[in-house]
Amino acid sequence: MSDTPEEPREDEPGPEEGAETGPDGPDAPLRGWIDPDDRLWRHPSEIGQGTEEPLLLNAPPSHPYRGVIMVLIGVVAIMAAVAWVVVLVSPASQRPLKGATADIETSAPTTLAGPQNTVPAAAQAAGRSMVELQVTTDQGTVALIGVAVAEGGLVATTADLLGGVRRLVMVGPGGKLEPATVVATDKASDVALVTVPVDLPVAPFADDTTVSGGSPDLTLSFVPAAGTSIALHCTPGAVSDAGAPLANGPAGGMPSISSTPTAPELAPGDPLLNASGAVVGILYEAVPGAGSPATFLPSQLVVGVADDLRSKNRVVQGWLGVSGSDAPGGTGAMVEQVVSNGPAAGRLQQGQVIVAVNALPVRTMAELRARVYVLPPGTAVAVSVQEGSGSKVVGITLGPSS
């Protein structure tokens, strides 16, 4: 056996001549890289390439109800927002009033009305300006009502029961008694000014000539409530007379307002309100018994005197220098006599009817007295008069009262 390679025949190519039967020839079996799309398998390094989603290891568990819960939360939030907007844009009358009909003890010395007696909305401002006073004298202890006429806890009430006072207290929240002080009193008008330890809101006051016979009115008073509390009571009524002089008591000759409230018990100083809830007077004298007329000091007199007591500690009265009687039908004060050396001498004449002072109406001689009473000497006033030839305004400077 020889080791010499066999020589190829002439018609057969040798190995150096590029025979196509090798591994890379067309007839050789397929080997090497194949396109992944042509395969049924993937190499780990090929996973995640192209547009396929990545494989997540230890993926969080799915929550099929999470979307539903989030939708429900969103719906509830939207409904709550819509309800709040509706409350904001709704009229005030459609919203609940806090404490409007419940006996509640507040920081103020009054208690709002209970369900048995709902106080009209118009009267609540005046009600918050009221305070109950208890005065002790040698004759015993009585209740008075004060109405705020100025800031700083200054309230007006009647003066006659404060004579010889030994102890004066304010009834505070829960029935607590706190000291009060008399600032000054005026006997001729029976108005007193008292300071209390609470800065009450000043009451709304109106000109008392805005009411006349037949006008509807409201009387505010305090009534006992649960425990030691007090409740605000409102009694509707009607004015029976206005401007007539008081016949009795220390304020005799001053004008009055008469009303017929149905409240069985009233306290001196209780405010009388007009239909709009403004104070037009404070109680001067109450006749016992429901339906009986009660007399009130008119608001212009009360406020004017209280202002003098606050600023000067007394009333310095001006003087016009005329006397007379009521004109028919309550249309003014008829001049019957002019004092020869008085301020009106040569300015006013007998037979003229005074219908206003400084544009404030005058219906009776008592009202004329009250208009001038709270003006000091030296004040220039415009007196409106009517006479046979018509009406005119006369300027007069008030003199000192004798």
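The values are calculated or read from the model by the stated rules, or taken from the named source; none is laboratory data. Please read these numbers as outputs of a predicted model, since none were measured by experiment. Here the Cβ is made from the backbone with ideal geometry for all residues, glycine too, and neighbour counts use every protein chain on show.
General observations
- Residue among SER311, SER323 that alone is among the hydroxyl-bearing types (Ser, Thr, Tyr), within 41 Å of the chain's Cα centre (by Cα) and surrounded by fewer than 19 Cβ atoms within 10 Å (Cβ to Cβ): SER311
- One residue from GLY237, GLY243 being surrounded by fewer than 23 Cβ atoms within 10 Å (Cβ to Cβ) and outside any loop (DSSP other than H, G, I, E, B): GLY237
- The numbered conditions (1) touching a Ser or Thr at 6+ places or on another chain (Cβ under 8 Å); (2) outside the structural domain of SER189 (by TED's automatic domain parsing); (3) modelled with pLDDT of 95 or more are all true for VAL280 except (2).
- Residue within the range 373-380 that is more than 30 Å from LEU266 (Cβ to Cβ) and buried (at least 20 other Cβ atoms within 10 Å of the Cβ) present: yes
- In the range 332-346, the residues that are at pLDDT 95 or above and either farther than 17 Å from VAL394 by Cβ or not in a loop (DSSP other than H, G, I, E, B) (or both): ALA333, MET334, VAL335, GLU336, GLN337, VAL338
- Checklist (1) without any contact (Cβ under 8 Å) to a residue 40 or more places away in the chain; (2) over 30 Å from PRO361 (Cα atoms) applied to THR235, failing item: (2)
Let's see how each residue does on (1) free of Cβ contacts under 8 Å to residues at least 40 places away in the same chain; (2) under 45 Å from the mean Cα position of the chain (by Cα); (3) not assigned by TED's automatic domain parsing to the domain that holds ILE257:
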| residue | (1), (2), (3) |
| --- | --- |
| SER340 | yes, no, yes |
| ARG347 | no, no, yes |
| GLY351 | yes, no, yes |
| PRO361 | no, yes, yes |
| SER389 | yes, no, yes |
